[in-house]
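Computed from the coordinates by the stated procedures, all read-outs in this text should not be read as laboratory data. What you are looking at is a predicted structure, and each value in this text was computed from that prediction instead of being measured. Here the Cβ positions follow ideal geometry from the backbone for every residue, glycine too, while neighbour counts run over all protein chains shown.
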Amino acid sequence: MSFKNIPGQFKTKKILKDTIKKNRISHAYLFTGNKGLGKSEMAREFAQAIFCNRNIADGCGECISCKKFEHDNHPDFHVIDVKEDHSSILIDQIRELQKEISYKPYESDYKIYIIDNAVRMTEQAQNSLLKTLEEPPEYAIIILTNEDKNDLISTIVSRCQEVKLYNQPEEVIKKYLRDEKNFNKEEAALYATLARGKYKKAVNLALKEDFIDKRDEIIKFIANIDKKDNFEIFELSEKLTNINESDFPLFELLLSLFRDILVLKQDENDEIINFDYKELIAEAVNNFNIKEIFDLTNQINQYKRYYYGNIKKELLFPSLFLKIRSKKKE
């Protein structure tokens, strides 16, 4: 493993490498950034680089320390995650961390702990962790990852050095997909565009079974929604409820469609996301005015929040599609 395995993020990588080179490693870090940017992967690369015996501010992949790390058996590296059959990181897990962290490292100068998606810690777990962050052992490094630092209690954030990851240019993602994942030029362009700067999202979309077919069905359905009767809307809605449960980016796809319509309507130079459906989307440009597009975008975002709340999911998509149909001009 190496920082090279993560596409782009050159500014962030330089900061982390300089930290190691200058021996200014902090006791606590918070890696932040949008989902799909590789926060967990960057945290792991940072940990491996710290452990690496060759002192090159990166993982060499060849020394004993790197080999142990890559085989998940480095005795001084630990990942704290949600246990099976639980939905949160519990206070007992943090207490176990505190007990284990009190012992000195076995092989390295450091003991490193990663807590992924730190927002999943219960409030009690966060408050318990705070005690360790306030007075950590000199050899301890605790790395939290989370999309937004504001999801965590402020006292935890204040004791961590924030490391930000950023959305990357499409060309960076395209090159990564071609060179590292062996996608052809057309596939790389499609997934890089849909991912909007998030390399992990691009890879996940590419690996998602039947993504292309499902995307095609949804785009064509929305483009011709004024011709769909209520039965067809309810029929597709039932299917989409099941699709969305499999982590299909349905709401993001709907938002991208109306974003593309707006771009074409305003004759902006910005490239559309669903470029392979440009002609079909162009046909819908005159069916919505700008206010309606913004209204529908807001409603899609609202329905997304509803979907992940305590709302009957089987009623959401029919309601949303009926609203879209009512907005589309005859």
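Brief remarks on what is shown
- Taken about its Cα centre, the chain carries a charge dipole of about 820 debye when Lys and Arg each add +1 at the Cβ and Asp and Glu each add -1 at the Cβ.
- By other beta-carbon atoms within 10 Å, ranking C160, C60 with the fewest at the front produces C60, C160.
- Counted charge near R305, where neighbours are those whose Cβ lies closer than 14 Å (Asp, Glu -1; Lys, Arg +1): +1
- Projecting the Cα atoms of L207, I25, V119 onto the charge dipole of the chain, computed from C-beta unit charges around the Cα centre, puts I25 farthest toward the positive end.
- Sparse-neighbourhood loop sites, trypsin sites (Lys or Arg not before Pro) in the range 1-52 - DSSP loop, at most 16 other Cβ within 10 angstrom: K22, R24, K35
- Debye, to nearest 20: dipole size of the range 3-164, +1 on Lys, Arg Cβ, -1 on Asp, Glu Cβ: 720 debye
- For the range 1-65 versus the range 290-319, the gap between their alpha-carbon centres in whole angstrom: 39 Å
- Amide H within-cut-off set for I114, under 5 Å, with H built and near neighbours excluded: H78, V79, I80, I143
- Y103 paired with K4, simple spin-label distance in nm, labels 7 Å along Cα-to-beta-carbon: 3.6 nm
- In a reduced charge model with +1 at each Lys and Arg Cβ and -1 at each Asp and Glu Cβ, the range 72-119 shows a dipole moment near 260 debye about its Cα centre.
- Working from label points 7 Å from Cα in the Cα-to-Cβ sense, the N53 to D148 distance is 4.5 nm.
- Between 0 and 90°, nearest 10: helix 230-245 axis offset from the chain longest Cα axis: 10 degrees
- Gyration tensor (alpha-carbon) shape descriptor, the range 9-103, a/c threshold 1.5: prolate
- Nearest 10 degrees, 0 to 90: helix 123-134 Cα axis against the chain principal axis: 40 degrees
- Calculated [θ] (222 nm, deg cm²/dmol) that DSSP helices of n ≥ 4 give over the chain, each run adding -39,500 (n - 2.57): -16000 deg cm²/dmol
- Between K67 and I25, the contour length at 0.36 nm per residue exceeds the Cα-Cα span by 12.9 nm.
- Length added when fully stretched, D92-N298, from 0.36 nm per residue minus Cα-Cα: 70.1 nm
- Helix 290-307 axis, angle to the chain major axis (alpha carbon atoms, nearest 10°): 50 degrees
- Exposure rule at most 11 other beta-carbon atoms within 10 Å, DSSP loop chymotrypsin sites (Phe, Trp or Tyr not before Pro): the chain longest free segment: 107-307
- Label selected from (i) 72, 42, 31; (ii) 77, 43, 41; (iii) 58, 44, 38, the criterion being Cα extents along the principal axes in Å as computed here: (i)
- Cross-link partners of K149 among aspartates and glutamates (Cα-Cα below 14 Å; sequence separation of 8 or more within a chain): D116, E162
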